[in-house]
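The values are calculated or read from the model by the stated rules, or taken from the named source; none is laboratory data. Just so it is clear, the structure is predicted and the values come from calculations on it, not from any experiment. Positions of Cβ are backbone-derived with ideal geometry, glycine not excepted, and every protein chain shown enters the neighbour counts.
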Amino acid sequence: MFRMTDLFPLYEWISVVCFLLPIASSIAPPSRLYGSKCLQSYYTAPKCIDHPAGYGCDCGPGFHWNTVMCMSTAVDSRLEFKRQEPVRYTLLLSKAFPSLSQFTVVFWVKVMDSSINGTILSYKHKSNLDLLLMRSGPTLWFEIYGEGFDTGFKFIRNTWYHVSWTWEAQDGNWTLHVNGGRFYNGTNGQQKSVPSGGEFVLGQSSMREFDFDTQYAFVGDIAHLHIWSFVLTSDEINAVKNGCTLMYCGDAVQWTELRSGTRGSMRMRWPSGTVRHQCFTEEKVAITCNKYCSDLIGAQCNQQTVENIDWSRTPAVKNISIAVCPGARKDTLGHLIGNKTVSEIATRPCYVTDENEGEWGKPDINNCISEPLRILKYKFQRLLFTKVVNESTILNLSRELYNHTEKNAYTNPIDVAAVIDLLEMIVNTQAEVIMLEVVEWSDGRQNYARAQEVFPTLEETKEFMEIVADIVNNLLHQKNSEGWQATQPAGTEADNLLQVMKTFARVLGRSLNYQVTDGNIQGTFGYEQAYFKLARNRIEFSVEIQWVEDFQGTHFPNKIDTTQYNIQPRYGSIEMSDQLLEITNSSNLPAFVKISSLRFRGMAGILPNHDPKSTGMQAKEDNVNTPIIAMLIFPLDDLDLSKNLSSLITYTLPYSDTFNISNPECVRLVHGKINGTRIKMWRWTREGCQLIKDMGKSGTCTCSSPGIFAITTDMYNDNWNKGEVRPLLMNFASYIGCASSAVLCLLTYLLHLYFRTSSNTAFLHKNLSISIVFSQIIYMIGIDRYENMMVCHVFAIMLHYFFLTTFSWLMNEAFNLYIVITYSAHSHGGLSESGSSLRYHIIGWVIPGVLVGAFVGSQRENYYNPAMCWVSWDNIWLYIGPAAGILLVTIMVLIFTAKEHNENSYTKSEKTNKFIQNIMKALWTQVILITVFWSFAFVSLKMTDRIIKYLFGLFGFLQGVFFIVFYFLLHEEIRGIMKVMQKKQSLIIQGYNDQEDRTTDSMSASCHLLEKEPVEVVALETKARRRREFRGKKKLRRQNSEADTILGEREEEEITSDCEMITSL
């Protein structure tokens, strides 16, 4: 026998029953619909979890809270009969089919093909086949004891239907309901009960002999089939149909008992899909769970953030919650309670309601307010909460609050809130003291009335207005940002301030209306002077009244605002058209309408669209990105004129941040409210507002009702056009490499000028150095000069030109070396210096210019790279092609030069061969280093990798070092000149005058001096003695030279040849 205590502990079962009985009894008696068999393994009690926001019901895996119990997910399932073959069906196997003298069969069905005569259910008992039978097509048809009934109802394919079938054996009456309504009824002749112990089948007709007849197999879905042993009423059938908790279980057969009987290619799917609407909201789930657990464990007040303090979840029996004030030490709570001190402690009661729920009371946070502000608050309460308050008291208190905000910076959010509360006290009190004294009299026939006096006066109202504006301006100052940012929840206090300012605008409008009525304000032509205007750094506002019959619209800021009050429209503007009010029933409208316009700067950060404390980071979507602007309408007797708006309010606001923003949205502020224990948070809403124009730096919106407005943007843009994306073309290594190469080449050139080298080789070296210097400097300073497109194009052309001249002068060096070696080997005549120089100039400077000019002229705009001052990557062959061709010629010439030198090196002296080898090494080194250097330059521009730039700089440095080593330090002409200078200096010291041996050619002098014997050093005595000894030594040398005439002539020929070689080189 099944016992309820087998499922739950007794105390849980009692609580469940006590909670469920009222719910079930509201629909039907528990014994009829809410059967005990539902409380089996598919329905369990939850485990109550105490969360800060309320109780939670933990149902475990595979179960969920259905607002009544924890229900298995498998309950909301369906049986899928996909096709007629192979055979598939479902049997009732978990128990025997009971005997029924009456029954109600309820189920959901979805037919895939209504033309198929499929069997929804069948029941046979021994030899009585199809004792109960129901088929789906082509019309809904059923049979009882062999007597069939065709209802004529046709199922629409692939549509869920709720079907209920009732029958009574006593009189044979049956009724058919489809989707909750009575569709058909009748009487059956066989008035006897349905016997027990038979075979109940879904999806097939009764089995004949050994198998089912598949031509009557059902094709579709069946869900939630229940059979009761009694007849349900129409209300009960509708309750079952509309029940979302699925707690209605048949006492004869229930849906979960059929799960174990599936046979063949059956599929059970969940959810069933029969519930096509949201049965209960998350809020209802939370409320019902909290109610269940509160009854079981005890009521508690949920965690709540009020008055900038997080109030922890508190049991209602404790009746009080204690919280540490913001900014207090973490150990303050325990320390102060132990010492019975109330400083820096806030309290809040937690009550128990009649419904056994926790309900918060009003918090006491006075101890969290700073001492001077708390004293000021007590003074406000003492002086303002009296029966009679005069205007001077209000003004004096307002000045005290202004002085406090002027001299103090608020880092505590409760101090910020306290200032707003005090400001609200002042404004509300001012609203109470405004009055218009009217004198009435009658002459017996007609009644008269006249305005006698207005309180407060116009001057007092203006003073009050200025003080309030100064208080708000001080409160919004940057010095209080820490206190504003600490408010909880974010933006709550800013929303409270805006609500106070709306009341303030209403108060000024009322006062202005009375002043006009009393005749204190009037204009030449109407009421054009009926306004209050004021501007401060962080708040600007205007309050005006207009006659309804002559409404002219309004614009803020208007010309008066700009010229007299310096309220500039660049920070945002808002306007109403003169067609805004459509007078439909003038009898219900006041004579004057009051319009208030306000603009706040710097409030976007304290009124955010997201709470950064909840996410721990700054949100990127829907951030308030403009100043806040408002336009409000205040009828005289609180008549809501916004319902009569026939036109839109238009406002334009500049974006505070224009960098990489997108998706601007126009929003209106919905104020928060506290209703008992329930808190409705403030929010920005897009309802009734739309963006009509986005100018990039500002947006224009329209809204259908007055209010407080702003524009939100996403602080990113997936389709952001970053403009001209410039890669990092140069780093410090690149600059060092280029600069070192340029400096060393320039130094080599200057040294050649200093030593006045005049050989062809020196001429080529100087031109090559100039070409390298210009190419490096232009590359350094011009590769990223894309601020001016024209300048960038000039640098791109110059860089291309000097790039080609560098390789051209390398080729000239190779040609010169080859010609000199060939001339020396074959004893050709001397070369023409002028002719060769002209040819070298043409090859080195003219031809590259012609090529670059042709390239630029042919490619035009396609020649340039849009991302750098360089040739387009599509036209990179304009660089590589000519350079590769020149380089190939240079290498071939050098190869032939080496071959020629090797074949004729035996005809030259060892010294001459060494000179030639140095020059060939220098040329090969420059060819390799310059080629590698520019290769890395190409790669570094395409791949902005740091390593590539380091290698680029390294090879630039090496090229410059090897250039000065080979073309200056190891250059023979330079060395010869330096030796001549050294020997000359030495001979001058020894008294030798070399005037007769000097020639105009420095290299010839070098050769002559190189072949002279070293001067012997003699003692410096008298002049005559030194001359005699010197002449004797000269005579001895002439005698020795005559003895070796033949050998001397041969050596002279070699020296002459070498000098000619060196001179050419």
Scan of region 74-90 for residues that are among the hydroxyl-bearing types (Ser, Thr, Tyr) and in a loop (DSSP other than H, G, I, E, B), ordered by number: Ser77
Sole exception among (1) without any contact (Cβ under 8 Å) to a residue 12 or more places away in the chain; (2) surrounded by 19 or more Cβ atoms within 10 Å (Cβ to Cβ) for Phe763, by number: (1)
Contacts under 9 angstrom Cβ, first residue in region 917-935 being surrounded by fewer than 20 Cβ atoms within 10 Å (Cβ to Cβ), partner among the hydroxyl-bearing types (Ser, Thr, Tyr) and modelled with pLDDT of 90 or more, 6 or more apart: Val927/Thr890
Pairs where the first residue, in region 61-73, is at positive phi and in the same structural domain as Thr288 (by TED's automatic domain parsing) and the second is in a strand (DSSP E or B) and surrounded by 16 or more Cβ atoms within 10 Å (Cβ to Cβ), C-beta under 9 Å, 6+ apart: Gly62/Ser72
Leu729 vs. criteria surrounded by 23 or more Cβ atoms within 10 Å (Cβ to Cβ), of a type in the set (A, V, I, L, M) and either in contact with a Leu (Cβ under 8 Å, 6 or more places away or on another chain) or not assigned by TED's automatic domain parsing to the domain that holds His841 (or both): no
Complete set of residues in region 188-234 that are closer than 21 Å to Gly172 by Cα and either of a type in the set (D, E, K, R) or part of a helix (DSSP H, G or I) (or both): Lys192, Ser234
Some residue of region 163-186 being over 29 Å from Asp235 (Cβ atoms), touching a residue at least 12 places away in the same chain (Cβ under 8 Å) and surrounded by fewer than 16 Cβ atoms within 10 Å (Cβ to Cβ): no
Among the candidates Leu131, Leu140, residue that is crowded, with 19+ Cβ neighbours inside 10 Å and closer than 30 Å to Val275 by Cβ: Leu140
Options Thr713, Thr757: the member that is outside any helix (DSSP H, G or I), of a type in the set (S, T, N, Q) and at pLDDT 90 or above: Thr713
Gln278 being under 48 Å from the mean Cα position of the chain (by Cα) and polar (S, T, N, Q): yes
Neighbours by Cβ (under 8 Å, 6+ apart or cross-chain): first from region 247-274, on the phi > 0 side of the Ramachandran plot; second part of a loop (DSSP other than H, G, I, E, B): Gly264/Pro86; Gly264/Val87
Residue in region 32-51 that is part of a helix (DSSP H, G or I), more than 30 Å from Met207 (Cβ to Cβ) and at pLDDT below 90 present: yes
Extreme residue, nearest to Glu903 (Cα to Cα), among residues of region 811-860 that are crowded, with 20+ Cβ neighbours inside 10 Å and at pLDDT below 85: Ile821
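Residues are listed down the side, and each one gets a yes or a no for (1) part of a helix (DSSP H, G or I); (2) loosely packed, with under 15 Cβ neighbours inside 10 Å:
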{"position": "Thr702", "(1), (2)": "no, no"}
{"position": "Phe709", "(1), (2)": "no, no"}
{"position": "Leu750", "(1), (2)": "yes, yes"}
{"position": "Leu768", "(1), (2)": "yes, no"}
{"position": "Ile777", "(1), (2)": "yes, no"}
{"position": "Ile781", "(1), (2)": "yes, yes"}
{"position": "Asp784", "(1), (2)": "no, no"}
Among the candidates Thr90, Thr151, residue that is surrounded by fewer than 19 Cβ atoms within 10 Å (Cβ to Cβ), closer than 28 Å to Tyr184 by Cα and either assigned by TED's automatic domain parsing to the domain that holds Ser41 or in contact with a Leu (Cβ under 9 Å, 6 or more places away or on another chain) (or both): Thr151
Residue in region 336-354 that is modelled with pLDDT of 80 or more and out of contact with any strand residue (DSSP E or B) (no Cβ under 7 Å at 6 or more places or on another chain) present: yes
Output for region 553-578, where each listed residue is in a loop (DSSP other than H, G, I, E, B) and over 14 Å from Leu534 (Cβ atoms): Gly553, Asn558, Gln568, Gly572, Ser577, Asp578
Residue match in region 877-896 (condition: in contact with a strand residue (DSSP E or B) (Cβ under 8 Å, 6 or more places away or on another chain) and either in a helix (DSSP H, G or I) or not assigned by TED's automatic domain parsing to the domain that holds Phe855 (or both)): yes
Whichever residue in region 60-75 is of a type in the set (A, V, I, L, M, F, W, C), out of contact with any Ser or Thr (no Cβ under 7 Å at 6 or more places or on another chain) and modelled with pLDDT of 90 or more and, among such residues, is nearest to Glu283 (Cα to Cα): Trp65
The one condition in (1) part of a helix (DSSP H, G or I); (2) buried (at least 17 other Cβ atoms within 10 Å of the Cβ) that Cys869 fails to fulfil: (1)
Region 841-866 - residue that is under 43 Å from the mean Cα position of the chain (by Cα) and part of a helix (DSSP H, G or I) and, of those, nearest to Phe802 (Cα to Cα): Tyr863
In region 653-699, the residues that are over 18 Å from Leu498 (Cα atoms), in a loop (DSSP other than H, G, I, E, B) and not small (Gly, Ala, Ser): Tyr655, Asp657, Thr658, Phe659, Asn660, Ile661, Thr677, Arg686, Glu687, Met695, Lys697
Residue that is surrounded by the fewest Cβ atoms within 10 Å (Cβ to Cβ), among those in region 369-402 that are within 43 Å of the chain's Cα centre (by Cα) and in contact (Cβ under 8 Å) with a residue 60 or more places away in the chain: Tyr402
Checklist (1) in contact with a Pro (Cβ under 8 Å, 6 or more places away or on another chain); (2) more than 23 Å from Thr274 (Cα to Cα) applied to Lys154, failing item: (2)
Lone qualifier among Asp235, Asp221, Asp211 - being closer than 30 Å to Arg182 by Cβ and either surrounded by fewer than 17 Cβ atoms within 10 Å (Cβ to Cβ) or of a type in the set (Phe, Trp, Tyr) (or both): Asp235
